[in-house]
Amino acid sequence: MSEEDIDKIGLYSWKVDHNISRAAYNSLPDHANNIPFISLKEAQSLIDNYSDTLCDYYDMCKHSCLCFAGPYAKDQKCSKCGADRFDRNGKPFQRFLYIKIIPRLQKMYNHPSTKERLMYRDKSTREYDNSNIQDIFDGSMYRILLEKEIEVDGRKLGTKYFADDRDIALSFSSDGFCPFDNGSGTCWPLVLFNLNLPPEERVHTREILSVGLIPGPKKPEDFDSFIYPLVEELLQLTVGVHTWDADLGSFFTLRAHLLYVSGDTPAVSMIMHMKGTGSFHPCRMCNATSV
């Protein structure tokens, strides 16, 4: 990366870090002629070229009912509301952006210092003390997985979960929120947490793996359709993907496994196909009944 490009991206980073408005950013050349200014579109394109982040676009219902992926991939209308998928010119009314996770996880092993940070899970596993629970790796479900052979579609892979110290543990989370002050509409971010990182690091914004954002204004009717691309990648990661370990100077089979799913009650109710808040049995953990 050239020094000029570093300065240009640094300016964009400054905008993002300090929540600078688009109008304020675009007015910078009027007040400081010596800065390496580029438009937001050019900055984002430059970042895309250097980051090599791979994305896929999927058509979705214009009312946010579902994503035309998986079993809906060939549908011409939304099966929930009946809305057309395409306009009169053959263009989809709305699209869902999915950001792939496999390339990002692979890149984490392309630098020795990053790999060292990912060794927390293995260190925690080896230092296990059954009298003290500090993290998920001290829990019984994780310990059971360590002794279980990986099986995909009825086929055993001949290796156990987390047999390699470089295997990655993940968690998935979603939580609907309103991005506007007037309270109109809700959107649903889809994120992964890298549990291989220490607890004090994994929840930092820079470490969260965003995979997509379901736009509003209403909640999706079929939440599963939006995470179908993620499930496909997680299956690939369960089997294993060919990855370069820069520290050892050799290739290895990288595997990653989803350990748990979290979210607020509305989000988890969609994920678990429950009625959620306001239902007779609203709790996903017990048989408590509503009043």
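Go through region 81-118 and give me each residue that's surrounded by fewer than 12 Cβ atoms within 10 Å (Cβ to Cβ) and touching a helix residue (DSSP H, G or I) at 6+ places or on another chain (Cβ under 9 Å).
none
How many residues are touching a residue at least 60 places away in the same chain (Cβ under 8 Å) and among the aromatic types (Phe, Trp, Tyr) when one looks only at region 117-153?
Going through region 117-153 one residue at a time, the tally reaches 2.
Pick out, from region 113-225, the strands (runs of 3 or more DSSP E) lying fully within it that include 1 or more residues that are closer than 19 Å to Asp264 by Cα. Break it down stepwise before answering.
Values: elements: 149-152, 155-160, 168-174, 188-194, 209-214.
Output list reads 168-174, 188-194, 209-214.
Since Gly249 meets every condition but one in (1) without any contact (Cβ under 8 Å) to a residue 40 or more places away in the chain; (2) within 21 Å of Cys65 (Cα to Cα); (3) surrounded by fewer than 17 Cβ atoms within 10 Å (Cβ to Cβ), which condition does it not meet?
If we test Gly249 against (1) without any contact (Cβ under 8 Å) to a residue 40 or more places away in the chain; (2) within 21 Å of Cys65 (Cα to Cα); (3) surrounded by fewer than 17 Cβ atoms within 10 Å (Cβ to Cβ), just (2) comes out false.
If I filter region 18-34 for residues that are among the acidic types (Asp, Glu), without any contact (Cβ under 8 Å) to a residue 12 or more places away in the chain, over 20 Å from Thr205 (Cα atoms) and not assigned by TED's automatic domain parsing to the domain that holds Thr205, do I get at least one hit? Give the steps one after another, and end with the answer.
Here is the first cut: in region 18-34, the residues among the acidic types (Asp, Glu) are 30.
Filter once more, keeping what is without any contact (Cβ under 8 Å) to a residue 12 or more places away in the chain: 30.
Narrowing the set further to residues that are over 20 Å from Thr205 (Cα atoms) leaves 30.
After this cut, where a residue has to be not assigned by TED's automatic domain parsing to the domain that holds Thr205 as well, the list is 30.
Scanning region 18-34, I find at least one residue that is among the acidic types (Asp, Glu), without any contact (Cβ under 8 Å) to a residue 12 or more places away in the chain, over 20 Å from Thr205 (Cα atoms) and not assigned by TED's automatic domain parsing to the domain that holds Thr205, so the answer is yes.
Report, by residue number, each residue of region 194-214 that is more than 29 Å from Met60 (Cβ to Cβ), crowded, with 22+ Cβ neighbours inside 10 Å and not aliphatic (A, V, I, L, M). Steps first, please.
The first filter runs over region 194-214 and keeps only residues more than 29 Å from Met60 (Cβ to Cβ), leaving 195-202, 204.
Now drop any that are not crowded, with 22+ Cβ neighbours inside 10 Å, which leaves 195-196.
Residue satisfying the conditions is Asn196 alone.
Taking the condition touching a strand residue (DSSP E or B) at 6+ places or on another chain (Cβ under 8 Å) and hydroxyl-bearing (Ser, Thr, Tyr), does Thr186 pass? Quick ask: steps written out before the conclusion?
Working: touching a strand residue (DSSP E or B) at 6+ places or on another chain (Cβ under 8 Å): yes; hydroxyl-bearing (Ser, Thr, Tyr): yes.
Here the answer is yes, as Thr186 does meet what is asked.
Only one residue in Ala267, Ala288 is of a type in the set (Gly, Ala, Ser) and under 25 Å from Ile101 (Cβ atoms), so which one is that? Write out each step before concluding.
Details: Ala288 fails: under 25 Å from Ile101 (Cβ atoms).
After ruling out the rest, the residue left standing is Ala267.
Do we find that Val268 is among the hydrophobic types (A, V, I, L, M, F, W, C), under 29 Å from Ile144 (Cβ atoms) and either touching a helix residue (DSSP H, G or I) at 6+ places or on another chain (Cβ under 7 Å) or surrounded by fewer than 16 Cβ atoms within 10 Å (Cβ to Cβ) (or both) in this structure?
Numbers: among the hydrophobic types (A, V, I, L, M, F, W, C): yes; under 29 Å from Ile144 (Cβ atoms): yes; either touching a helix residue (DSSP H, G or I) at 6+ places or on another chain (Cβ under 7 Å) or surrounded by fewer than 16 Cβ atoms within 10 Å (Cβ to Cβ) (or both): no.
The answer is no for Val268.
So which pairs qualify, if the first residue must be in region 187-205 and under 19 Å from Val261 (Cβ atoms), the second must be polar (S, T, N, Q) and surrounded by fewer than 16 Cβ atoms within 10 Å (Cβ to Cβ), the Cβ gap must be under 9 Å, and the two must be at least 6 apart or on different chains?
Listed pairs, sorted by first residue: Pro189/Ser210; Leu190/Ser210; Val191/Ser210; Leu192/Ser210; Phe193/Ser262; Pro199/Gln134.
Hey, among the residues in region 236-277 that are more than 18 Å from the chain's Cα centre (by Cα) and of a type in the set (Phe, Trp, Tyr), which one's farthest from Ser290 (Cα to Cα)?
My answer is Phe251.
Exactly one condition in (1) more than 16 Å from Pro229 (Cβ to Cβ); (2) loosely packed, with under 13 Cβ neighbours inside 10 Å; (3) in contact with a Phe, Trp or Tyr (Cβ under 9 Å, 6 or more places away or on another chain) is not met by Asn49; state its number.
(3)
Mind checking whether some residue in region 180-191 is more than 24 Å from the chain's Cα centre (by Cα), of a type outside the set (D, E, K, R), assigned by TED's automatic domain parsing to the domain that holds Arg255 and farther than 27 Å from Ile99 by Cβ?
Looking only at region 180-191, we keep the residues that are more than 24 Å from the chain's Cα centre (by Cα), and these are 181-184.
Add one more test, that the residue is of a type outside the set (D, E, K, R), and what stays is 182-184.
Narrowing further to those that are assigned by TED's automatic domain parsing to the domain that holds Arg255: 182-184.
From what's left, farther than 27 Å from Ile99 by Cβ: 182-183.
Yes.
The values are calculated or read from the model by the stated rules, or taken from the named source; none is laboratory data. Just so it is clear, the structure is predicted and the values come from calculations on it, not from any experiment. As a convention, Cβ positions derive from the backbone with ideal geometry for all residues, glycine included, and neighbour counts pool all protein chains shown.
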